[in-house]
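The values are calculated or read from the model by the stated rules, or taken from the named source; none is laboratory data. The structure presented is a predicted model; accordingly, all values stated were derived computationally and were not measured. As a convention, Cβ positions derive from the backbone with ideal geometry for all residues, glycine included, and neighbour counts pool all protein chains shown.
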Amino acid sequence: ARGGGGSCACAAAGCLIAALILSRCAAVAAATPSLSSSGDVAEEGCTHQPDAPQVSQACVAAVVRDMVDAAENATGRAALFDVVSTHTSKIFSTCMSDNGLEGSFRPLNILLPAVALSDVQRVADEYALQTGQKVNLASVPHQEILNEILFTAETAPRTYDAWVADASALADLAYQANIIAPLDSFITNDPDFNWPDMLRYVRTSAVTFNKQVYGVPESFDISGMYFRKDVFAAKNLTVPSTWDDLLEVASILNGTDFDGDGDGDYSVCWGIRGNICSDAGVALAQVLAGRTQTHGIRSGWLFDPADMQLLGSSVVLEGALSLVQRMGPLTWPVDGCESATSPNIMQGKCGIFLGSAKMWKQAQLFSAFKAEIGTAQLPGSTHVLDRASSQMVPCDVQRCPHATPHTMYDGSVQLVNRAPSCLIGGIVGMVNKQADPAYQKLAYDFLSTPPETALRLVMESLTIHPYRISHFNTSAARLAVWAEKGYDANATREFLEVSLQTADYANLAMDLRVLDSHRYTASMAAAISRISAGEPSAAVAAWLEEQFRLTLASSGDPREVLRAYQMSLNLDVADDGRAPPAPAASGPPSANLAVILGVTLPLLAFAFVALGGFVWYMRRRRHCTVLGRPRRPEPGDETTLVVTDVEDSTALWEMLTQETMAVTMEEHHVVVRRALSRFHGYEQATEGDSFLLAFHTPQDAAGFAMAVQGELLNAKWPDALSAHPACKQVSVQLCDAVRSAGGWDGRFGLQRIHSQSAPSRPLTSGGSPVKDMSSMMLGSEELSVCNTPNAMSAGHSSGNGGIGSSGGIGVGGAAASVLGRASRALTQSESRGG
């Protein structure tokens with residue numbers, strides 16, 4: 001120590017690092033049986049042994065010297081703690097990782113969506129150069145990120161130290177799964193991160209849950225309306241303020257040659273036509289939010305946070321879907337979902353484009369018309385939902401306190417309610433609650449991108465957008481930097497000013513913060529597919545309302561779903577999930593109150609415990625969690641796996657339109673998940689159109705399979721699918737053998753397939769011993785034998801049984817013989833009809 005006020009602190013810090021090094025040496029010695037018993041420490045490491053992990057004392061000394069210098073300038077205990085923490089991490093990452101200790105001081109492991117991989121990889125490479133800490137990045141398609149996080153967190157909770165995902169996942173990860181760590185203490189002790197520089201919405205809403213910070217912002221995406229100023233001027237058009245006026249403007253512009261190639265173009269770029277992608281539901285939400293959210297950011301646009309009342313009823317949905325349907329013929333079809341860019345935008349073929357800031361960046365960096373690109377808020381609505389009557393009514397100052405007057409295209413002046421959309425949300429980094437504390441800190445350090453690096457990424461990346469106040473700086477010097485990167489300075493100024501105004505708007509529409517939010521957006525995307533395929537808007541609205549209600553009902557205990565929703569909006573929540581009651585106007589005298597509480601509280605406590613135990617017991621019996629969600633089956637004889645697959649799906653995708661197949665697969669998924677809920681199944685994973693499911697008993701698995709087949713016959717399929725030769729209706733004439741099989745009405749008398757089936761015997765043909773699929777997925781080591789129709793018809797059993805790899809139901813004992821006879825009879829039956 002150099003004396004003065006910092007000497008004790010520096011000495012303490014040096015002792016801390018020395019203790020860490022010594023404890024690490026002791027750990028290495030304990031883990032290496034062949035170390036000499038003397039415990040001597042070599043000049044450059046923990047031990048004399050040549051092959052043992054080495055800790056460079058010279059490196060440690062250099063880091064300690066740097067730490068002492070930094071500690072001299074530290075003011076306050078928090079700053080000193082940060083200095084020590086940072087330099088301790090540097091010792092582990094720099095002085096040990098490059099000297100044979102990768103096995104113990106491993107790289108950070110982070111999972112993220114594939115669309116963000118290239119940008120985050122650049123940051124990871126720079127971080128490794130600066131700190132010596134390596135970072136391993138794993139990626140999955142964007143639409144699969146939430147399921148992948150939940151799956152790995154449950155099956156291998158320490159696989160990843162952190163995750164990067166949409167902000168809308170916070171409710172599922174912080175409340176339902178409870179797997180992400182609060183970051184408030186890290187942020188408080190990290191002044192260099194400059195938390196006050198974050199947008200107010202980002203600080204208070206985007207990365208928070210129940211008034212705590214659970215995510216590090218990496219990007220913030222506000223939907224906007226971008227338009228060609230030169231085209232609008234030539235047609236003497238003003239920027240539309242409502243969706244109805246936008247429809248009129250789009251009709252006027254449709255057929256205009258926007259790119260100068262001599263051919264007329266569609267007027268709008270919006271993801272509502274063609275190859276409908278997983279995020280197409282955002283388009284419907286953009287229209288819907290201005291009709292349902294009127295009283296500020298925490299009043300909700302799909303559910304009322306007071307009681308989970310569904311605001312997206314068929315009355316409201318029909319109007320929004322009708323507008324989307326009328327916009328369809330004016331909109332460029334989407335070619336594919338995998339690309340991060342839109343050729344139509346880059347080639348200047350769009351007069352108007354609606355959605356992410358990524359669209360504006362593409363027009364700036366690749367289009368010849370970048371100087372003509374204007375920015376405006378998304379349109380709004382003159383009519384809004386009256387929540388008391390569930391009817392659409394005109395705006396007035398009471399119903400729409402944030403509305404502003406605008407001149408319509410018909411010349412009238414009306415109040416317009418806007419709920420500018422950040423429904424795409426933002427990208428946030430989240431730290432694994434189960435990770436080692438040292439790696440939690442390292443993960444935070446990596447995810448908390450320094451302001452200078454963040455600004456560079458905002459300018460250079462198509463997928464990272466402004467989220468700090470400083471990112472919206474429109475000074476001449478800053479605009480000159482944008483211009484050096486390829487942007488038009490004037491267009492950039494307007495984009496930044498409008499975007500900042502939108503981010504601070506009091507009635508901003510948040511990304512959907514309810515449990516299972518991805519299922520609601522997927523249903524909205526499916527509704528867009530149905531509308532695009534030509535189905536009536538009223539029918540699609542009724543279907544979509546039903547999907548919303550089914551999703552809500554299957555998301556768990558209604559009170560818990562409401563509680564999670566309120567917490568995600570950072571509202572005050574009572575212990576029972578309801579809004580806190582108002583204080584009583586009067587009460588009994590204090591003495592009487594003490595007597596009352598003394599008598600009633602123990603009784604109430606006993607009642608609540610008894611009630612809670614009863615709920616737990618009943619849900620345990622039904623294979624559900626306390627929140628009412630399906631419980632994951634444990635390894636064992638009763639656990640049964642089901643794999644579903646759609647026959648000829650590859651050929652169908654090639655021969656039918658994208659719209660038809662999107663509607664078909666959504667209907668298929670609804671049928672499967674409805675039956676899954678009925679038989680208490682657990683959805684392990686999906687791959688394409690295939691489901692991997694787990695059931696607690698083979699009876700449930702068989703019941704599910706039979707129920708799905710029955711419901712698929714009654715499902716509402718698109719006409720184009722029903723007309724396809726592979727999907728025409730087929731009828732069979734049942735032989736006597738089938739009728740005599742016993743219980744053709746579906747009651748085959750299946751017994752407990754595993755433990756009560758007959759002893760296993762060799763199969764006569766078609767079968768082979770295989771590893772039990774449930775053991776591979778869930779940890780058991782028992783062997784099983786697959787069933788075949790030939791084996792079942794001969795009366796052979798399969799012991800533990802399971803689900804056949806070809807999709808047939810595998811059973812054992814007498815049930816195998818019964819199903820086998822039925823299977824053989826069916827193959828001999830005559831077919832007639834179409």
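Points worth noting:
- Residue match in the range 631-640 (condition: modelled with pLDDT of 85 or more and surrounded by 12 or more Cβ atoms within 10 Å (Cβ to Cβ)): yes
- Meets criteria (surrounded by fewer than 16 Cβ atoms within 10 Å (Cβ to Cβ) and either under 30 Å from Pro379 (Cα atoms) or in contact with a Gly (Cβ under 7 Å, 6 or more places away or on another chain) (or both)) for Thr155: no
- Inspection of the range 677-688 finds a residue satisfying the criterion of being in contact with a Pro (Cβ under 9 Å, 6 or more places away or on another chain) and in a helix (DSSP H, G or I).
- Residues located in the range 642-662, provided they are within 21 Å of Ala539 (Cα to Cα) and modelled with pLDDT of 80 or more: Thr657, Thr660, Met661
- Any hit, the range 331-348, residues being outside the structural domain of Met459 (by TED's automatic domain parsing), touching a helix residue (DSSP H, G or I) at 6+ places or on another chain (Cβ under 6 Å) and within 18 Å of Leu246 (Cβ to Cβ): yes
- The range 189-293 holds helices (runs of 4 or more DSSP H) entirely within its bounds, and those carrying 2 or more residues that are among the small types (Gly, Ala, Ser) and modelled with pLDDT under 95 map to 281-292.
- Residue match in the range 288-296 (condition: in the same structural domain as Thr331 (by TED's automatic domain parsing), more than 30 Å from Ser412 (Cα to Cα) and of a type in the set (Gly, Ala, Ser)): no
- Residue match in the range 213-236 (condition: hydroxyl-bearing (Ser, Thr, Tyr) and under 20 Å from Ala162 (Cα atoms)): yes
- Restricting Gln325, Gln347, Gln309 to residues that are over 26 Å from the mean Cα position of the chain (by Cα), farther than 30 Å from Gln364 by Cβ and among the polar types (S, T, N, Q) narrows the list to Gln325.
- For the range 317-360, a residue qualifies if it is touching a Ser or Thr at 6+ places or on another chain (Cβ under 8 Å), modelled with pLDDT of 95 or more and among the charged types (D, E, K, R), and exactly one does: Glu318.
- Selection of the range 462-506 for residues being out of contact with any Phe, Trp or Tyr (no Cβ under 6 Å at 6 or more places or on another chain), among the polar types (S, T, N, Q) and more than 23 Å from Asp190 (Cβ to Cβ) yields Thr463, Thr474, Ser475, Asn490, Ser499, Gln501, Thr502.
- In the range 468-504, residue surrounded by the most Cβ atoms within 10 Å (Cβ to Cβ) [restricted to those that are within 25 Å of the chain's Cα centre (by Cα) and under 18 Å from Gln286 (Cβ atoms)]: Ser499
- Residue within the range 182-195 that is touching a Gly at 6+ places or on another chain (Cβ under 9 Å) and closer than 23 Å to Leu569 by Cβ present: yes
- Filter pass, Val708 being within 22 Å of the chain's Cα centre (by Cα), part of a helix (DSSP H, G or I) and either exposed (fewer than 14 other Cβ atoms within 10 Å of the Cβ) or modelled with pLDDT of 85 or more (or both): no
- So Arg519, is it among the basic types (Lys, Arg), under 25 Å from the mean Cα position of the chain (by Cα), outside any helix (DSSP H, G or I) and surrounded by 18 or more Cβ atoms within 10 Å (Cβ to Cβ): no
- Put simply, of Gly260, Gly274, Gly300 the only residue that is on the phi > 0 side of the Ramachandran plot and in contact with a Leu (Cβ under 7 Å, 6 or more places away or on another chain) is Gly300.
- Total residues in the range 153-181, condition part of a helix (DSSP H, G or I) and either closer than 21 Å to Ala438 by Cβ or in contact with a Pro (Cβ under 8 Å, 6 or more places away or on another chain) (or both): 1
- Filter pass, Gly300 being out of contact with any Asp or Glu (no Cβ under 9 Å at 6 or more places or on another chain), buried (at least 24 other Cβ atoms within 10 Å of the Cβ) and in contact (Cβ under 8 Å) with a residue 60 or more places away in the chain: yes
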